[in-house]
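Below: the structure, in structure tokens.
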């Protein structure tokens, strides 16, 4: 497990989870996403991405996610991802970013089942974790 004051990354069997713990600046946002990529292993076929508590992500970071991080993620992911459970953020702009991310992911990995949830518990149940 990797935990900072703004991010928690956990792995257990097939599951890797990322949970944002509150307000972050641009550097922490980007470093957190890069750390998540560094933790992904071939056995991680189920992802739980919890953005519920994330503070407002500014436009530059949303663009960075789509234009830089996502292509890097696609390049570094060598395993088939079976399921991605996303706990949606309360912030409307972050919610839009998450939806765009999922659309891009579906285009690149159509075999991946992606679903949205209001709570971490619902997402975990869907993933059977």
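No value in this document is a laboratory result; all are computed from the given coordinates. Predicted, not measured: the structure shown is a model, and the values here were computed from it. Here the Cβ is made from the backbone with ideal geometry for all residues, glycine too, and neighbour counts use every protein chain on show.
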>> If a residue must be surrounded by 19 or more Cβ atoms within 10 Å (Cβ to Cβ) and assigned to a helix (DSSP H, G or I), how many such residues does the stretch 75-120 contain?
In response: 5
> Out of 37, 48, which single residue is within 10 Å of the chain's Cα centre (by Cα) and touching a residue at least 40 places away in the same chain (Cβ under 8 Å)?
Replying inline: 48
> touching a helix residue (DSSP H, G or I) at 6+ places or on another chain (Cβ under 6 Å), part of a helix (DSSP H, G or I) and farther than 20 Å from residue 123 by Cα, is that true of residue 66?
Replying inline: no
